[in-house]
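First the structure, in the form of structure tokens, and then the observations on it.
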Amino acid sequence: MDMLPPPSVIERRMDDQSVLAHRALNADVARMHEDLARFYREQLIAVLKA
């Protein structure tokens, strides 16, 4: 099993990526940050289900 960080850390990373997506200067960079936020959201769900 992979070792995931605590939920508070994952939530912070997810929030940071969302802010960076809104501040991005172009659509490709915004999409990258949105994808990372989605990835962290999936991790958060996995940690909460465990």
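No value in this document is a laboratory result; all are computed from the given coordinates. This one's a predicted model, so the numbers in the text were calculated from it and none came from an experiment. Methodologically, a virtual Cβ is constructed for each residue, glycine included, from the backbone with ideal geometry; neighbour enumeration extends over all protein chains shown.
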Looking at the chain, which of the residues that are of a type in the set (S, T, N, Q) and surrounded by 14 or more Cβ atoms within 10 Å (Cβ to Cβ) is nearest to the chain's Cα centre (by Cα)?
GLN17
Scanning segment 6-29 for residues that are free of Cβ contacts under 8 Å to residues at least 12 places away in the same chain and not in a helix (DSSP H, G or I), the one nearest to ARG41 (Cα to Cα) turns out to be ALA24
